[in-house]
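Notes follow the structure.
The values are calculated or read from the model by the stated rules, or taken from the named source; none is laboratory data. Because the structure is a prediction, the values reported are computed rather than measured. Here the Cβ positions follow ideal geometry from the backbone for every residue, glycine too, while neighbour counts run over all protein chains shown. Remember, those area values only see protein heavy atoms, side chains included, never the ligands or the DNA or RNA. Shrake-Rupley method; radii C 1.70, N 1.55, O 1.52, S 1.80 Å.
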Amino acid sequence: MEQTAKIIIDGKTFELPMITGSEGERAIDISRLRQEVGVVTLDPGFANTSACLSRITFVDGERGILRYRGIPVDRLAEHSTFVETAYMLINCELPTQEQLNRFSVMLNDHSLVHEDMRAFFENFPRWAHPMGILSSMVNALRAFYPEIPERTEEEEINITVTRLLSKVRTMAAMSYKIFRGHKVAYPRHDLTYAENFLSMMFDSPVRPYDIDDDIVNALNVFWILHADHEQNCSTAAVRVVGSAKVNLYAAISAGICALWGPLHGGANQAVVEMLGQIHENGGDAAPFIARAKDRNDPFRLMGFGHRIYKTYDPRARVMKKVCDRILDKQRVRDPLLDIAKRLEEVALEDPYFIDHHLYPNVDFYSGILLKAIGIPLNMFTVMFAIGRLPGWISQWKESSDDPKWRLQRPRQIYIGRKERAYIPIEKRG
Ligand code: ACO
């Protein structure tokens with residue numbers, strides 16, 4: 001029997017349909033509420049609002065579960081590669097060997113960036129943040145690769161998706177090389193996706209880059225852990241902007257802008273900066289914890305807390321292990337990792353953090369890993385963006401293919417002034 005919820009307004013009872021997701025999550029369908037009952041709902045920050053039905057990613061924030069297309073993220077981190085996971089997110093199923101080979105060939109074929117785009121990269125000011133550069137350049141891709149009317153819609157989407165996955169990685173490495181004033185390194189057909197990225201970032205005519213399998217594996221894990229996270233801020237931005245039927249490049253560019261923020265993807269950079277400050281202050285985290293707990297201080301412990309996870313973020317657990325492994329292998333003792341571990345221990349026993357359900361999130365250890373790989377601080381969020389691309393793309397595809405597609409346009413409750421007269425400037429005072 002279909003379940004319903006009852007709502008009583010002005011003494012009248014209305015019945016609203018209920019929906020149950022495949023993991024038992026229940027929701028009240030309020031889509032006809034205004035039409036039938038004459039009221040809307042208010043939910044600042046959308047903390048209690050599902051904006052869509054989705055088959056891509058399942059997150060249970062209370063139990064610390066994250067699955068892509070049904071597969072737990074730690075299994076993917078252990079057994080899959082970023083390219084395979086990206087394929088699965090976008091095409092629903094894990095690829096056969098033949099499908100994977102074909103996908104890899106396409107990624108290779110589309111990895112070059114139009115030479116004319118280099119002029120744009122070279123003319124950004126040296127101090128420009130790479131996220132700003134990336135979002136502009138991704139938007140500019142449409143101008144360099146316009147739609148070809150002879151192609152079917154499906155062909156066009158497949159090419160755009162492959163271009164984005166491949167070129168964004170090239171563009172990220174290119175912007176770093178240009179920022180350093182170095183010769184751009186081109187992608188190589190004999191390298192895998194992650195190997196290619198590392199080679200484009202670090203290979204130089206005077207110091208060839210030796211590809212290390214453990215670093216390649218760590219990078220794959222980093223990207224897999226970031227590949228999707230259902231309706232987070234940047235994904236919601238991609239869906240909202242995409243709902244206006246803009247091209248995919250523009251929608252992804254909007255996602256990159258949203259991810260840039262320190263409350264979202266920018267947190268991995270903010271964590272390392274915060275750990276650096278603690279280190280400079282002699283390694284004592286206590287004043288930082290005290291500030292985070294002080295209601296009159298806007299300071300927050302970066303890398304802690306999550307809108308959905310009210311327990312340990314499952315991605316943070318995997319990230320911490322990879323981080324330990326890479327630093328052990330490099331025989332490097334990063335004082336920031338020691339501080340992070342101490343900070344975690346103290347915070348997890350502190351009543352404020354316990355009561356507020358604040359646990360380390362994916363960004364808490366990811367910055368330390370990126371630092372160990374040699375990625376510069378201002379590129380951290382770009383690394384996140386490369387990882388999140390398959391998620392954005394699959395969410396965009398799902399919403400564009402939805403037969404019930406609608407322009408996304410929230411309502412509001414107006415609390416401003418009522419109608420009043422226009423006063424000419426000479427009479428104001
Ligand atoms: N340090 C100290 N207090 C915190 C923190 C933190 N990191 N995060 C939340 N709180 C407190 C708030 O002060 C608030 O306390 P109060 O109820 O006593 O006023 C309470 O916890 C709830 O905070 P909200 O901001 O309402 O929680 P929300 O779900 O909106 O925020 C967010 C989630 C933005 C991630 C927040 O936890 C935060 O700012 N964390 C630090 C930044 C960060 O690490 N972001 C990365 C998120 S993961 C990602 O995007 C991939």
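Would you confirm whether or not region 247-259 contains a residue that is within 12 Å of the ligand (Cβ to nearest atom) and among the small types (Gly, Ala, Ser)? Yes, region 247-259 contains at least one residue that is within 12 Å of the ligand (Cβ to nearest atom) and among the small types (Gly, Ala, Ser). Being surrounded by fewer than 22 Cβ atoms within 10 Å (Cβ to Cβ), part of a helix (DSSP H, G or I) and more than 10 Å from the ligand (Cβ to nearest atom) is a description that applies to Gln277. Checked against the criterion of being within 15 Å of the ligand (Cβ to nearest atom) and under 26 Å from Arg406 (Cα atoms), the candidates Ser234, Ser243 yield just one match: Ser234. Scanning region 23-57 for residues that are free of Cβ contacts under 8 Å to residues at least 12 places away in the same chain, small (Gly, Ala, Ser) and open to solvent by 80 Å² or more (accessible area, probe 1.4 Å) gives a single hit, Ser31. For region 86-118, the set of residues classified as free of Cβ contacts under 8 Å to residues at least 12 places away in the same chain, polar (S, T, N, Q) and part of a helix (DSSP H, G or I) consists of Asn91, Gln97, Asn101, listed by residue number.
For region 194-205, state whether one or more residues are more than 19 Å from Leu134 (Cβ to Cβ), away from the ligand (no atom under 16 Å from the Cβ) and in a helix (DSSP H, G or I). Checked against the condition, which is being more than 19 Å from Leu134 (Cβ to Cβ), away from the ligand (no atom under 16 Å from the Cβ) and in a helix (DSSP H, G or I), region 194-205 yields at least one hit.
Residues are listed down the side, and each one gets a yes or a no for (1) in contact with a Phe, Trp or Tyr (Cβ under 8 Å, 6 or more places away or on another chain); (2) modelled with pLDDT under 90:
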{"position": "Ile326", "(1), (2)": "no, no"}
{"position": "Arg331", "(1), (2)": "no, yes"}
{"position": "Asp334", "(1), (2)": "no, yes"}
{"position": "Lys341", "(1), (2)": "no, yes"}
{"position": "Ala347", "(1), (2)": "yes, yes"}
{"position": "Tyr352", "(1), (2)": "no, no"}
{"position": "His356", "(1), (2)": "no, no"}
{"position": "Tyr359", "(1), (2)": "yes, no"}
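Given the residues Ser111, Ser135, which is the only one that is among the small types (Gly, Ala, Ser), open to solvent by less than 60 Å² (accessible area, probe 1.4 Å) and within 17 Å of the chain's Cα centre (by Cα)? From the options Ser111, Ser135, the qualifying one is Ser135. The single residue among Asn158, Asn123 that is under 21 Å from Cys257 (Cα atoms), open to solvent by 50 Å² or more (accessible area, probe 1.4 Å) and free of Cβ contacts under 8 Å to residues at least 60 places away in the same chain turns out to be Asn123.
Filtering region 378-396 for residues that are away from the ligand (no atom under 16 Å from the Cβ), within 22 Å of Val322 (Cα to Cα) and out of contact with any Lys or Arg (no Cβ under 8 Å at 6 or more places or on another chain) leaves a non-empty set. I need the full set of residues from region 285-335 which are farther than 30 Å from Asp210 by Cα, open to solvent by 40 Å² or more (accessible area, probe 1.4 Å) and part of a helix (DSSP H, G or I), in order please. Result: Ala286, Pro287, Ala290, Arg291, Lys293. The set of residues in region 51-74 being within 16 Å of the ligand (Cβ to nearest atom) and either over 22 Å from His306 (Cα atoms) or part of a loop (DSSP other than H, G, I, E, B) (or both) consists of Gly61, Glu62, Gly64. Residues that are part of a helix (DSSP H, G or I) and open to solvent by 60 Å² or more (accessible area, probe 1.4 Å) within region 206-243 comprise Asp213, Asp214, Asn217, Cys233, Val240, listed in sequence order.
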